[in-house]
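Participant: The following block contains the structure, expressed as structure tokens.
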Amino acid sequence: MNRRVLGIIQVESRSAVDHIDEIAAIDGVDVLFVGPTDLSHSLGVPGAFDDPTYLDALKRVVAATDAAGKATGILLRDTATLPRHLDLGFRFIGLGSDGAFIRDGARAALAGARG
């Protein structure tokens, strides 16, 4: 049964980044998954995904996860930033969100109705 369970820990705070080696070493954790918006807020650079503080935190998470032989994940808003995150070492990637998909569908429907 345990071979079918995927253990995912979210990394969304400065404290999590500060303790990332310990978190990555937890038995049963398979993926460390970054929540970019929450992490950027916790680091004091809300939404600044190009800020060196934020990027350094991502690099620390990837390094610790790789050292522990586990996967690093992240949620991306769109495919435009996918290559950069693949280059950083992220392999468990979520693209978009249900809210964004609904918003985009509503916009397309309105655009179609307007003509």
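Participant: Counting only other residues whose beta carbon sits under 15 Å from that of residue 100, what net charge do I get with K and R as +1, D and E as -1?
Facilitator: Local net charge: 0.
Participant: Using label points projected 7 Å from each Cα along Cα→Cβ, tell me how many nm separate residue 10 and residue 104, to one decimal.
Facilitator: If labels sit at residue 10 and residue 104, their model points lie 2.2 nm apart.
Participant: Starting at the first residue of segment 94-101, write each ³J(HN,Hα) from the Karplus equation 6.51 cos²θ - 1.76 cosθ + 1.60 with θ = phi - 60°, in whole Hz, x for Gly and Pro.
Facilitator: x, 10, x, 8, 4, x, 5, 5
Participant: Apply the Karplus curve 6.51 cos²θ - 1.76 cosθ + 1.60, θ = phi - 60°, to the phi angles in segment 104-115 and return the couplings in whole Hz, x for Gly and Pro.
Facilitator: 5, x, 5, 4, 5, 5, 5, 4, x, 6, 7, x
Participant: In whole Hz and in residue order, list the ³J(HN,Hα) couplings for segment 53-64 that follow from phi through the Karplus curve 6.51 cos²θ - 1.76 cosθ + 1.60, θ = phi - 60°; x for Gly and Pro.
Facilitator: 4, 5, 5, 5, 4, 4, 4, 5, 5, 4, 4, 5
Participant: Another question, if that's okay. Based on the alpha-carbon set only, what is the convex hull volume of segment 2-114 divided per residue, in Å³? Each step should come with its number before you reach the end.
Facilitator: On the way: hull volume 13.3 nm³, N = 113.
Convex hull volume per residue, Cα atoms: 118 Å³.
Participant: Moving on to the next point. Work through the residues other than residue 23 whose Cβ is under 14 Å from its Cβ and net out their charges, Lys, Arg +1 and Asp, Glu -1.
Facilitator: Numbers: positive: 14, 60, 70; negative: 12, 18, 21, 22, 27, 30, 66.
Combined, the nearby Lys, Arg, Asp and Glu give -4.
Participant: In a Gaussian network model over the chain where Cα atoms closer than 10 Å are linked, find which of 25, 48, 100 has the largest mean-square fluctuation.
Facilitator: Result for the chain, Cα springs under 10 Å: 100 fluctuates most.
Participant: Obtain the nm distance between the two label points defined at residue 78 and residue 91 by a simple spin-label model: each point lies 7 Å from its Cα along the Cα-to-C-beta direction.
Facilitator: Computed distance between label sites residue 78 and residue 91 equals 2.9 nm.
Participant: Return the long-range amide H neighbours of residue 10 (sequence gap of 5 or more, or a different chain), with a cut-off of under 5 Å between placed amide H atoms.
Facilitator: Amide H neighbours of residue 10, under 5 Å, 5+ apart: 33.
Participant: Can you list residues whose amide H is under 5 Å from residue 76's amide H, if they're 5+ apart or on another chain and H is modeled 1.01 Å from N?
Facilitator: Here the answer is 94, 95, 96, since their amide H atoms fall under 5 Å of that of residue 76.
Each reported figure results from applying straightforward, stated rules to the coordinates on display, with no laboratory input. Just so you know, these numbers come straight off a predicted model, no measurement behind them. Heads up, the Cβs are rebuilt from the backbone with ideal geometry, glycines too, and the neighbour counts pull from every protein chain shown.
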